[in-house]
Amino acid sequence: MKRNLEQLGVLFLTLMMFSCANQNQTTEKEPVNENPYANIEPLVEKILTAEEQAQLTPDAVIQSLKEGNQRFINNDLTARDHAEQVRKSTHGQFPKAVVLSCLDSRIPVEDVFDKGIGDIFVARVAGNFINEDILGSMEFGCKVAGSKIIMIMGHESCGAVKAAIDNVEMGNITSMLTKIKPAVEKSQDFEGNKTSKNSEFVSHVAANNVKLNIEAIRERSPILKAMEDNKEIKIIGAKYDMDSGLVTFFD
């Protein structure tokens, strides 16, 4: 009996050793998952100086935004060394543009235009509308910091626009939506179902909201109006397509 137990013990130890050896061998043969981005050289873009920024034209900046958006659509974003860009921009900033976007988390503004740290000012509020604080920020971005473009970018399927159409009343959202209601009123000439369930109507209201806020900038900011009249800046509108990532620039 004792001998049988000893034999079983030896057999058990043999099986365990074989199992461990086989496991180690399998582990050694498993392919190593290489980082597909390991060979990509991060780009450390030169942070613009005031002199270089001054030489930019509004049209050149618009073209740069269009080209960057095309790279975004093609999933060809520039690989940037953000840590290095942070260090290089510590002592000053001279961005090319000011972009007012909706709060929507699905619109990563810098990525949409393939821009890095120090390239653009971004303001965000649900419904991308103008108020005193944002106007002041735009005046700082252009008059003080030298940006060449102000862009208001709306988007399709905007929740804030839908809420304004539906007359939603909830806390501070109620007063916020009053800033978007003029676009709903302006869109009553739309031929079709004028509800938030009609995506074409929502898109129509969103476009009118962008246009009305461009007018509001010119009416409420003499500083920016004068800069535009002197061709120092351009104030433009755009719409982001949630399906494709394409930004359509308004004339």
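The values are calculated or read from the model by the stated rules, or taken from the named source; none is laboratory data. All of these numbers come straight from a predicted model, not from anything done at the bench. All Cβ positions, even for glycine, are placed from backbone atoms using ideal geometry, and neighbour counts span all protein chains on display.
Structure values in brief
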{"item": "Residue in the stretch 108-124 that is among the charged types (D, E, K, R), over 19 Å from the mean Cα position of the chain (by Cα) and part of a loop (DSSP other than H, G, I, E, B) present", "result": "no"}
{"item": "Condition met for residue 234 (of a type in the set (Lys, Arg) and within 25 Å of the chain's Cα centre (by Cα))", "result": "yes"}
{"item": "Only listed residue being surrounded by 13 or more Cβ atoms within 10 Å (Cβ to Cβ), among the charged types (D, E, K, R) and not in a strand (DSSP E or B), chosen from 186, 197, 231, 239", "result": "186"}
{"item": "Which numbered condition residue 217 misses (of (1) part of a loop (DSSP other than H, G, I, E, B); (2) in contact with a strand residue (DSSP E or B) (Cβ under 6 Å, 6 or more places away or on another chain))", "result": "(1)"}
{"item": "Residues (in contact with a Ser or Thr (Cβ under 6 Å, 6 or more places away or on another chain) and farther than 27 Å from residue 173 by Cα) located in the stretch 118-148", "result": "118, 141"}
{"item": "Criterion (among the hydrophobic types (A, V, I, L, M, F, W, C) and at pLDDT 95 or above) met by exactly one of 150, 117", "result": "150"}
{"item": "When residues of the stretch 48-67 are limited to those that are touching a residue at least 24 places away in the same chain (Cβ under 8 Å) and among the polar types (S, T, N, Q), the one surrounded by the most Cβ atoms within 10 Å (Cβ to Cβ)", "result": "64"}
{"item": "Pair list, Cβ < 6 Å and 6+ apart or interchain, from the stretch 230-251 residues that are polar (S, T, N, Q) to residues that are at pLDDT 95 or above", "result": "248/239"}
{"item": "Residue within the stretch 139-148 that is within 16 Å of residue 210 (Cα to Cα) and either surrounded by fewer than 21 Cβ atoms within 10 Å (Cβ to Cβ) or among the hydrophobic types (A, V, I, L, M, F, W, C) (or both) present", "result": "no"}
{"item": "Selected residue [at negative phi, among the β-branched types (Val, Ile, Thr) and touching a Phe, Trp or Tyr at 6+ places or on another chain (Cβ under 8 Å)] from 210, 184, 161", "result": "210"}
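Here's the yes/no breakdown for (1) closer than 20 Å to residue 126 by Cβ; (2) touching a strand residue (DSSP E or B) at 6+ places or on another chain (Cβ under 8 Å):
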| position | (1), (2) |
| --- | --- |
| 150 | yes, yes |
| 155 | yes, yes |
| 173 | yes, no |
| 180 | yes, no |
| 183 | yes, no |
| 228 | no, yes |
| 241 | yes, yes |
